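Let me begin by presenting the structure, written as structure tokens, before commenting on it.
The values are calculated or read from the model by the stated rules, or taken from the named source; none is laboratory data. Remember, predicted model here, so these are calculated numbers, not experimental data. Virtual Cβ from ideal backbone geometry, glycine too; neighbours counted across all protein chains shown. Ligands, DNA and RNA are stripped out before the accessible areas are found, and what is left, the full protein with its side chains, is counted by its heavy atoms. Shrake-Rupley method; radii C 1.70, N 1.55, O 1.52, S 1.80 Å.
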Amino acid sequence: MQIKHLVFIAILFTACSVQKKENYQSIITGIPWYIEDGNNVSAHGANIIREGDRYYLFGEYKNNENNRFEGFSCYSSSDLMNWKFESNAMPPNKSGRLSGAECIGERPKVMKCPTTGEFIMYMHADSNLYRNPAVEYAVSKNITGPYEYKGRLMFGDTYIRRWDMGTFQDDDGTGYIIMHHGDIYKLSDDYKSVVAQTLKHDKTLRTESPAVFKHNGIYYWIGSGLTGWERNDNMYFTAKSLAGPWEMRGVIAPEGSLTWNSQSTYVFPVVGSETTTFIYMGDRWSFPKQRAAATYVWQPLVFNGDEISMPVFHESWTIDVKTGEWKDVPLKPAYEILNGDDAVKYEGSWEDASGDNTKSKRANTKDAIISISFKGSRIALRGVASIDCGYGHVVIQNIKGEILHDTWIDMYSNKTVEGLQYLSPVLPKGEYFLTFSPTQSHWYWTEKSGKQWGSKDTFISFSKAWVF
Ligand code: DGJ
């Protein structure tokens, strides 16, 4: 090979390694995740399936204004940490069910049918205000879609007129639809209809957001209490057969932690050469800013005999997809900026606060704003989330004043807890200026019954910034 070719390859290699920009070296809970272009990963009520060497994440593709159906998104990853947007795998239909404006679509789950090789997406489809629910399905030959909408999943001449749903594929390839309040339906060989009801309104399983998985021959059912999008202590149940009897086993995270502030959606087993780690996948909802501010709570499940738990909160952890092993990997900033430091400029009314053993400053007025200049390639914000917190507005500018990131984060937590609130996408190494201000708004939700959930005020809190 000639020298000039070697030089060309060397330049190309350097360019590629400079361009390769991975946002995450760990799975981080409770902050919005961003893809390379700075947009949010928006895949709630999600599930993951593996195809070849890649993992595919499907979920509700949300907006920041209302609860309208925007389609079901598909992202892919090789490491379960950095996600690439693949497609809006089932965009809204042109008319009728799941067509947008007056429709709701939730909790999509994709399974590959072993007999046909097709990918089948199941979903909760509904009319506005959740008055006409049904389990429906769509089919694609390609995992990333587009999924062809087929309508209701039929069971003879009837259908499943219920809402929160999940899927489960047993070791023998049989597919099941699992429903809130303890219904399980067995799918046909082509996964396109129901052939039997395996479990009917099981009184023990009075939960929403069901997630079923199997470990050492035992079936596990995780589900949430009935509090709409508000977090609660999710419970788990076990059985030797899907048909039951199901036994209530208790909470999956310490009581009062509200399942580390989340609602279950799926459990994904990462099968490696050394072990299998079961990832609990939960949502931290945030209506109406679900696209920007709803986050993900993914935690490794710990087994003790046939008991499961998430006894300790792992803010930042990794999984080796080859071996299946996981470990904590705390974030290591180059330097930190504390709330009283000169580097932080406060304007407007900020009050001192100490919650969850952390000194912080908080504000909820229109004139309040924090600004921080920093040198590095990314920044994180920490603060104390509590019941009277709301949405904060984060903006990052470069020294030319160009806006590089502009987003909202949700600081609400029913339980007061100090934590990571924001981690910017990776920026080219440089000098930047961040502002953080209250928006005087917060998440809320009014149920069909008229019951209100959400924050009581619109504070934001700042305890420190980490610069990387
Ligand atoms: C509870 C469900 O679990 C959520 O997915 C969502 O549908 C809310 N209800 C809406 O109230």
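Observations
- Cys113 being open to solvent by less than 10 Å² (accessible area, probe 1.4 Å) and assigned by TED's automatic domain parsing to the domain that holds Tyr176: yes
- Conditions (1) away from the ligand (no atom under 16 Å from the Cβ); (2) assigned to a strand (DSSP E or B): number failed by Trp453: (1)
- In region 202-242, the qualifying residues are those that are crowded, with 16+ Cβ neighbours inside 10 Å and small (Gly, Ala, Ser), and the one that is farthest from Asn47 (Cα to Cα) is Ala239.
- Any hit, region 165-184, residues being out of contact with any strand residue (DSSP E or B) (no Cβ under 9 Å at 6 or more places or on another chain), at negative phi and either surrounded by fewer than 20 Cβ atoms within 10 Å (Cβ to Cβ) or not β-branched (Val, Ile, Thr) (or both): yes
- Filter result for Leu423 (open to solvent by 10 Å² or more (accessible area, probe 1.4 Å) and away from the ligand (no atom under 16 Å from the Cβ)): no
- One residue from Ser360, Ser349, Ser413, Ser371 being within 19 Å of Pro438 (Cβ to Cβ), surrounded by fewer than 15 Cβ atoms within 10 Å (Cβ to Cβ) and either touching a helix residue (DSSP H, G or I) at 6+ places or on another chain (Cβ under 9 Å) or not aromatic (Phe, Trp, Tyr) (or both): Ser349
- Among the residues of region 441-459, just one is open to solvent by 60 Å² or more (accessible area, probe 1.4 Å), in contact with a Ser or Thr (Cβ under 8 Å, 6 or more places away or on another chain) and in contact (Cβ under 8 Å) with a residue 60 or more places away in the chain, namely Tyr444.
- Checking each residue in region 43-67 for being under 25 Å from Glu315 (Cβ atoms) and away from the ligand (no atom under 15 Å from the Cβ) picks out Ile48, Tyr55, Leu57.
- Strands (runs of 3 or more DSSP E) enclosed by region 121-220 - at least 2 residues per element that are within 16 Å of the ligand (Cβ to nearest atom) and in contact (Cβ under 8 Å) with a residue 40 or more places away in the chain: 165-169, 175-179, 208-215
- Meets criteria (buried (at least 19 other Cβ atoms within 10 Å of the Cβ) and more than 16 Å from the ligand (Cβ to nearest atom)) for Pro108: no
- In a residue-by-residue description of region 94-101, the property of being within 15 Å of the ligand (Cβ to nearest atom) and either in the same structural domain as Ile319 (by TED's automatic domain parsing) or farther than 18 Å from His44 by Cα (or both) applies to at least one position.
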